[in-house]
Amino acid sequence: MAIGCFANWLRNRTFHCAGTGPIFLIAGALFLFSDAGIIHIKAVWVWPVVLIGVGIAFLLEWRYAKRSASCP
């Protein structure tokens, strides 16, 4: 999902993808390191942070990003 967000941000400059891309990348790295036994973290701690971060990114886009339909 992080790669998709980064690609979408590069192509369309979608505001929320600038925030969600790094969130998904960090979450993916945490799950990778946890499965490899490098760190010990439970998924129950990662997913709420991801969901809250994605929600905040979408709220910020909804509130502050310019919409192409409103621009003449």
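Just to verify a result, which residue in the stretch 7-37, among those that are free of Cβ contacts under 8 Å to residues at least 40 places away in the same chain and of a type in the set (Phe, Trp, Tyr), is farthest from Gly53 (Cα to Cα)?
Phe33
Return the pairs, sorted by first residue and then second, in which the second residue is of a type outside the set (Gly, Ala, Ser), the first residue lies in the stretch 41-56 and is in a loop (DSSP other than H, G, I, E, B), the beta carbons are less than 7 Å apart, and the residues are 6+ apart or on different chains.
Ile41/Leu30
If you scan the stretch 29-40, which residues turn out to be assigned to a helix (DSSP H, G or I), open to solvent by less than 50 Å² (accessible area, probe 1.4 Å) and either hydrophobic (A, V, I, L, M, F, W, C) or over 28 Å from His16 (Cβ atoms) (or both)?
Ala29
Can Thr20 be described as of a type in the set (Val, Ile, Thr) and at pLDDT below 85?
No.
If a residue has to be in contact with a helix residue (DSSP H, G or I) (Cβ under 6 Å, 6 or more places away or on another chain) and at pLDDT 90 or above to count, how many in the stretch 29-64 make the cut?
Matching residues across the stretch 29-64 total 9.
The values are calculated or read from the model by the stated rules, or taken from the named source; none is laboratory data. None of the values given here were measured: they were computed from a predicted structure. Don't worry about glycine lacking a Cβ; one is built from the backbone with ideal geometry, like all the others, and counts go over all protein chains shown. Surface areas here come from the heavy atoms of the whole protein model, side chains and all, with no ligands, DNA or RNA. Shrake-Rupley method; radii C 1.70, N 1.55, O 1.52, S 1.80 Å.
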